[in-house]
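Q: Sharing a structure, written as structure tokens. Questions coming.
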Amino acid sequence: MKENFIRKKLKNGMTLLLERRKVPVASVIFAVKNGSNNEFMHEKGISHFIEHMLYKGTKKRSSRQIAIDIEKNGGELNGFTGEEITGYWCKMPSDKLGVALDVLTDMIKNPLFDGEELEKERKVIFEEMNLYKDNPRLHVFDEIQKCLYGGVMKISTIGTKETMLSVNRKKMLEKFEKIYTSNNMVVCIVGDFDAKKIVNFLERNFSNKKGKIPKQKIILKNDFKIEKRKGIDQANIVFAHHVPFRNSKDKAAAKVLGTLMAGGMSSRLFSEIREKRNLAYAVKGDFELHNEYAYNWIYVGTDKKNVEEIKKLILKEYGKVFRELGEEELETIKTQLTGQYKISMEDSQVQMVNLIASEIQGKAEDFYNFDKEIKKVKLKDVKVLAKKVFQGDFSYFALVPGA
């Protein structure tokens, strides 16, 4: 659908990404090129806190009215904070796109940051922290990041109770005013729209204001940890490895290797761990590819007694890949990935996220070259990466039942 894609740099410095579709639905996101990796250690979690507060009311809308204006017009409203981006999105009937633009603009331009609401939302975030810690699957993914990275990245996006207690209204406003400027913002719309009207709306409602986003150093490491916890019956394991970060070829090879190892029921590890040995129910894998770092991960849920065996099976399979992977299997995985790429484009909301993620990592247009990049991957590219893992370049975290 590259032929339907439009990129425009607006007069106010904002970047506009559009993909036209003749369907009665439109997905729109207002994104700021700032996330938890741009924060300082003492303020970790402030981007996520700001995201929460933008839903708590504006000068003309209460939090309830924000929800009513979207939902009573048939839409969905949500947001997220990542390592490199904070986003606020709506999925709406196309004829109500103007409502979505108006509400999102109001949220971003006119948040109240009410002191009483801020204290209430702080408690909500503490409960969100408890949710992540209490849920074994969520907890192990927070912990594997601590095994892979030092510095600001060893603290999760949500922050800690200490950092969140240090954030007051003044600090939040200062951060918001520095970061939420038009030159740091990207708007992406996928659906049926009038491009000229959207450009006029955004240029009319956002002034040419510039801000600078802090940049933190990415500190790579490898660590291995086992944590014991009472009250759980299953061991939760995450095995992860860094991807050498040089160019798009490395990213594509990482995607191929990740899919080969744990990308679905036909993957090598699903077959070895679940189908052949019945050691687990869940065997899943994926890749995290960002602007300045990347890693692949594999998750397995199993009995405590199987933890060491599964770790050995994973490493053994990486060894098989670098020694035995052939062209036929490589081409099969490429076909799987390019097919999944095409399927991901079907839903306007997923495509909106695809494009905004590609923009943060480089350029949105790069997304349309995904299949070409995958097809370029050579056997040696995948084998070299697998060999590094087999030789010890990996991290590992397991949460197991126990005292």
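Q: Among (1) out of contact with any strand residue (DSSP E or B) (no Cβ under 7 Å at 6 or more places or on another chain); (2) surrounded by 19 or more Cβ atoms within 10 Å (Cβ to Cβ), there is one condition Arg277 misses while meeting the rest; what is its number?
A: (2)
Q: Would you point out the residue of segment 60-81, among those that are in a loop (DSSP other than H, G, I, E, B) and surrounded by fewer than 19 Cβ atoms within 10 Å (Cβ to Cβ), that is farthest from the chain's Cα centre (by Cα)?
A: Start the filter on segment 60-81 by keeping residues that are in a loop (DSSP other than H, G, I, E, B), which leaves 60-61, 72-75.
Okay, now just the ones that are also surrounded by fewer than 19 Cβ atoms within 10 Å (Cβ to Cβ), so 60-61, 72-74.
Numbers: Lys60: 31, Arg61: 29, Lys72: 29, Asn73: 28, Gly74: 26 Å.
Within segment 60-81, the match that is farthest from the chain's Cα centre (by Cα) is Lys60.
Q: Here's another thing I want to ask about it. Got at least one residue in segment 294-312 being within 15 Å of Met261 (Cβ to Cβ), of a type in the set (Lys, Arg), under 27 Å from the mean Cα position of the chain (by Cα) and surrounded by fewer than 18 Cβ atoms within 10 Å (Cβ to Cβ)?
A: yes
Q: Pick from segment 29-42 the residues that are surrounded by 18 or more Cβ atoms within 10 Å (Cβ to Cβ) and in contact with a Gly (Cβ under 8 Å, 6 or more places away or on another chain): which of them is nearest to Ile155 (Cα to Cα)?
A: Ser36
Q: Cβ-Cβ under 9 Å, sequence separation 6+ or interchain: first residue in segment 6-26 and within 20 Å of Ser348 (Cα to Cα), partner aromatic (Phe, Trp, Tyr) and assigned to a strand (DSSP E or B). Which pairs?
A: The qualifying pairs are Leu17/Phe5; Leu18/Phe5; Glu19/Phe5; Arg20/Phe5.
Q: Of all residues in segment 84-108 being β-branched (Val, Ile, Thr) and either modelled with pLDDT under 95 or not in a helix (DSSP H, G or I) (or both), which is nearest to Glu71 (Cα to Cα)?
A: Here is the first cut: in segment 84-108, the ones β-branched (Val, Ile, Thr) are 85-86, 99, 103, 105, 108.
Narrowing the set further to residues that are either modelled with pLDDT under 95 or not in a helix (DSSP H, G or I) (or both) leaves 85-86.
Values: Ile85: 25, Thr86: 22 Å.
Top of the filtered list is Thr86.
Q: Test each condition in (1) touching a Ser or Thr at 6+ places or on another chain (Cβ under 6 Å); (2) closer than 29 Å to Ile68 by Cβ for Val23 and report the one that comes out false.
A: Result: Val23 passes all but (1).
Q: Another question about this same structure. Going by what's in this entry, would Lys120 be described as among the basic types (Lys, Arg), at pLDDT 95 or above and over 30 Å from Gly57 (Cβ atoms)? Even if it seems obvious, please write down each step before you answer.
A: Details: among the basic types (Lys, Arg): yes; at pLDDT 95 or above: yes; over 30 Å from Gly57 (Cβ atoms): no.
So Lys120 does not fit the description; no.
Q: Has segment 381-390 got any residue that is free of Cβ contacts under 8 Å to residues at least 40 places away in the same chain and either surrounded by 21 or more Cβ atoms within 10 Å (Cβ to Cβ) or charged (D, E, K, R) (or both)?
A: Of all residues in segment 381-390, those free of Cβ contacts under 8 Å to residues at least 40 places away in the same chain come to none.
No, segment 381-390 has no match at all.
Q: If only one of Glu117, Glu127, Glu174, Glu121 is free of Cβ contacts under 8 Å to residues at least 24 places away in the same chain and farther than 27 Å from Gln361 by Cα, which one is it? Steps first, answer last, please.
A: Values: Glu117 fails: free of Cβ contacts under 8 Å to residues at least 24 places away in the same chain; Glu174 fails: farther than 27 Å from Gln361 by Cα; Glu121 fails: free of Cβ contacts under 8 Å to residues at least 24 places away in the same chain.
Exactly one residue qualifies, and that residue is Glu127.
Q: Does Ile232 fit the bill of being of a type in the set (A, V, I, L, M, F, W, C) and farther than 30 Å from Cys90 by Cα? Walk me through it before giving the result.
A: Numbers: of a type in the set (A, V, I, L, M, F, W, C): yes; farther than 30 Å from Cys90 by Cα: yes.
It is true that Ile232 is of a type in the set (A, V, I, L, M, F, W, C) and farther than 30 Å from Cys90 by Cα.
Conditions (1) closer than 28 Å to Ser348 by Cβ; (2) at pLDDT 95 or above; (3) within 23 Å of the chain's Cα centre (by Cα), marked per residue:
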residue	(1), (2), (3)
Ile179	yes, yes, yes
Lys210	no, no, no
Lys217	no, no, yes
Leu220	no, yes, yes
Asp223	no, yes, yes
Val238	no, yes, yes
Asp250	no, no, yes
Gly263	yes, yes, yes
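Q: Among the helices (runs of 4 or more DSSP H) contained in segment 135-244, which hold 2 or more residues that are over 30 Å from Phe390 (Cα atoms), in contact with a Phe, Trp or Tyr (Cβ under 8 Å, 6 or more places away or on another chain) and in the same structural domain as Lys44 (by TED's automatic domain parsing)? Give the steps one after another, and end with the answer.
A: Numbers: elements: 136-148, 161-166, 169-179, 195-205.
Correct list: 161-166, 169-179.
The values are calculated or read from the model by the stated rules, or taken from the named source; none is laboratory data. If you're wondering where the values come from, they're calculated on a predicted model, not measured in any experiment. When we count neighbours, we look across all protein chains shown, and the Cβ atoms used for this are built from the backbone with ideal geometry, even at glycine.
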